[in-house]
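Structure record follows, encoded as structure tokens.
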Amino acid sequence: MPVAIITGASKGLGRALAGALAARGWDLVLDARSAYAVKETEAVLAVHGTRVAALPGDVTDAAHRSELVAAARKLGGVDLVVNNASALGAEPLVRLEELPLDGLRRALEVNVVAALGLVQESLPLLRASRAGTVIAVSSDAAAEAYEAWGGYGASKAALDHLAAVLGEEEPGLRVWAVDPGDMATELYAAAVPDDDDPRPAPESVVPAFLRLLDERPASGRYGAPSLLEGWR
């Protein structure tokens, strides 16, 4: 069975994608900071009969990233890495003049440095896979200038560029930066707590990711809304 590593997998998009892959027979290595949440996710996904290794930890910790890859190796290898774990830099979001530099550093460490570190650790196994794939979960804030989204957007723009260069350097892999669009997640609620407008559930976005995995287009940046428009 194919094996995926998904970071930030105890809630939101990470958990929704993990559930969809488990239903398709994937084996999973899941990361989250909360031991209780990631273990609860592991128990829920076990009903599919999939093998799940749920490892609590911080993706900025190199030892934890090594543990994730080691767990995947025990399951048979690494076919997919989903860098989904994210940090905002400030909760709620603030204008750049108020953005704590330590918060920006945290966003860059989680969203960019740790993401690259996990890919570096996984590369030998990804290259050995017949369908090695990396998904960097991006944001429209990486491409558009929104007030108060500067630090987070900058980190996601950097992640997009890393994904683009990785796609050039590793032509045998598929490397996709995917903008999932608006979603009702705890991350968004923390970013803009006063925004009460309804947003789609993360589960509604998952078919866009599955389409990429099924059709395997060229490495590049993709928007979930446009993928969903053509999903029939």
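Here's a check for you: in region 15-41, which residue that is surrounded by fewer than 20 Cβ atoms within 10 Å (Cβ to Cβ) and among the charged types (D, E, K, R) is nearest to ALA4 (Cα to Cα)? The qualifying residue nearest to ALA4 (Cα to Cα) is ARG24.
The single residue among THR60, THR50 that is closer than 18 Å to GLY151 by Cβ and not basic (Lys, Arg) turns out to be THR60. Taken over region 70-98, the criterion of being over 14 Å from the mean Cα position of the chain (by Cα), small (Gly, Ala, Ser) and either under 19 Å from ASP179 (Cα atoms) or in a loop (DSSP other than H, G, I, E, B) (or both) is satisfied by GLY76, GLY77, GLY89, ALA90. You will find that of ALA71, ALA90, ALA115, ALA107, the residue that is touching a Pro at 6+ places or on another chain (Cβ under 9 Å) and in contact (Cβ under 8 Å) with a residue 40 or more places away in the chain is ALA90 and no other. Scan region 159-169 and tell me whether some residue there is closer than 25 Å to MET1 by Cβ and either surrounded by 21 or more Cβ atoms within 10 Å (Cβ to Cβ) or among the polar types (S, T, N, Q) (or both). Among the residues of region 159-169, not one is closer than 25 Å to MET1 by Cβ and either surrounded by 21 or more Cβ atoms within 10 Å (Cβ to Cβ) or among the polar types (S, T, N, Q) (or both), which makes the answer no. Scanning region 107-133 for residues that are part of a helix (DSSP H, G or I), surrounded by 14 or more Cβ atoms within 10 Å (Cβ to Cβ) and touching a Leu at 6+ places or on another chain (Cβ under 9 Å) yields ALA107, ASN111, VAL112, ALA115, LEU116, LEU118, VAL119, GLU121, SER122, LEU123, LEU126.
Note on region 149-191: residues that are of a type in the set (Asp, Glu), modelled with pLDDT of 95 or more, under 21 Å from ALA208 (Cβ atoms) and outside any helix (DSSP H, G or I) amount to 1. Residues that are within 10 Å of LEU55 (Cα to Cα) and in a helix (DSSP H, G or I) were ranked within region 17-39; the one that is nearest to the chain's Cα centre (by Cα) is VAL38.
Could you grab me the full set of residues in region 42-89 that are buried (at least 19 other Cβ atoms within 10 Å of the Cβ), among the small types (Gly, Ala, Ser), over 20 Å from GLY25 (Cα atoms) and out of contact with any Phe, Trp or Tyr (no Cβ under 6 Å at 6 or more places or on another chain)? Matches in region 42-89: ALA85, SER86, ALA87.
The values are calculated or read from the model by the stated rules, or taken from the named source; none is laboratory data. Just so you know, these numbers come straight off a predicted model, no measurement behind them. Using ideal geometry, Cβ is built from the backbone for each residue, glycine included, and neighbour counts are taken over all protein chains shown.
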